[in-house]
Structure formats: structure tokens, C-alpha cells
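Heads up: the structure comes next, in C-alpha cells.
The values are calculated or read from the model by the stated rules, or taken from the named source; none is laboratory data. Since this is a predicted model, take the numbers as computed values, not measurements. Backbone-built Cβ (ideal geometry, glycine too); neighbour counts: all protein chains shown. The area values use the complete protein model at the heavy-atom level, side chains included, leaving out ligands, DNA and RNA. Shrake-Rupley method; radii C 1.70, N 1.55, O 1.52, S 1.80 Å.
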Amino acid sequence: DWVDEFWNPGPWTHGNVRFNRRDEWHLAESPAAPSGSTAWHCGNDSLPYGPYQDAALTSALVYNIVPGCTLSFMHRYDLESLDADQAFDGARVEVAVFNGPWQAATPVNNYTHTMAIIDQGLPLNAPCWSGRRDDWHEERVDLTPYSPGPVRVRFRMSTDLFVGRGGW
């Protein structure tokens with residue numbers, strides 16, 4: 001088991017994935033995680049997030065991935081969607097084995113949308129979360145396909161040029 005409460009952000013790094021995009025990842029205390037502790041937030045604290053983001057929050061290497069190992073985290077989001085199935089702005093979890101290529105990870109409860117447009121950080125029809133979900137809720141990702149690891153995990157948010165919302 002490995003637990004990171006984000007009190008010490010040392011093992012986490014953030015930055016833009018594409019050189020010409022923005023990164024708005026930062027630690028936020030209010031409104032923060034359900035326990036009242038610090039949480040990572042991609043977006044502005046009191047304004048809509050900026051356009052043209054392709055931002056990633058990346059973990060350090062996590063070792064000893066065994067069959068049945070899962071990543072679990074609490075999150076909420078407010079992202080621009082086209083409709084109930086397609087997204088203009090989206091967020092997802094990606095995994096890389098050691099220093100290999102990043103792969104979209106599939107949460108147990110699946111993503112809510114697919115990307116509706118091209119020339120975003122996330123490719124056309126890529127699965128993602130989008131729309132609005134205000135409650136803190138748990139997601140789980142089965143890491144069995146990535147065993148024995150080690151793996152890096154990244155939380156990636158991609159936005160278009162237009163409407164911003166609350167963020168992830």
C-alpha cells in the first residue's frame with residue numbers, strides 16, 4: 001500500500017504536455033478534499049480555467065505493482081462538454097511503465113465522455129471525464145496490466161481555446 005495525502009508535494013511534478021499549452025496545476029486548500037486537507041487542482045481558484053491547456057500532474061515511480069493492485073483517488077470536476085457523450089475539455093488518468101510511453105488508463109467505472117475535436121492534447125475520440133460533477137467521489141484504476149512495474153501515473157487535463165469552467 002502506498003498513500004499520498006499531498007501534504008508534501010515533493011514526489012509530484014506538473015507541467016504542460018505540449019510545449020505551446022498551459023499548465024494550471026497547483027495545491028489548493030479551499031475548497032479542498034473532503035477531509036479538509038490540501039488537494040491538487042487544475043484550473044484557477046475563483047475564475048474559469050484558461051484556454052489551451054494540456055497539463056499533467058505526474059507521480060514519482062511506484063514500484064511493486066502486483067496483480068490486483070489498484071490506484072484509487074477522490075476527485076470532482078467541472079469541464080466544458082459538447083453534450084452528454086462528447087467533450088470540448090477533458091481529463092483522464094494515464095500510466096507509463098518505467099520510462100515507456102504514456103497509455104490511457106481505464107477506470108473501473110469508465111470515463112463519461114470522448115473528445116469531440118481535434119488539435120487538443122487528448123486526441124479525437126479519446127476517453128475522458130467531462131461535464132460537471134460537484135461531489136467528491138472515488139475512482140479506481142486497476143494497475144494489473146502494468147505489473148510488475150514500476151509505473152508513473154499522471155493526471156492530465158486538456159482544454160480548447162474557448163469556454164473555461166471550474167477545472168479538475
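A few comments on the model shown:
- Cα-centred dipole magnitude for the chain, charges only on beta-carbon of K, R (+1) and D, E (-1), debye, nearest 20: 380 debye
- Counting protein heavy atoms only, region 20-168 has 53 percent of its accessible area on carbon and sulfur, 1.4 angstrom probe.
- Exposed loop sites, defined as GluC sites (Glu not before Pro) outside DSSP H, G, I, E and B with at most 16 other Cβ atoms within 10 Å, are absent from the longest region of the chain, namely 30-168.
- Computed from backbone phi, the HN-Hα couplings of region 142-153 come to 6, 9, 3, x, 9, 6, x, x, x, 10, 10, 10 Hz, rounded to whole numbers (Karplus: 6.51 cos²θ - 1.76 cosθ + 1.60, θ = phi - 60°; Gly and Pro given as x).
- Highest-first packing order for the peptide set 155-164, 128-137 is 155-164, 128-137, based on the mean count of other beta carbon atoms within 10 Å.
- Residue-span extension gain [Glu29 to Phe162] - 0.36 nm each, minus C-alpha spacing: 45.2 nm
- Counted over the chain, the DSSP beta bridges are approximately 95% antiparallel.
- Heavy-atom accessible area per residue - the chain, 1.4 Å, Å²: 51 Å²
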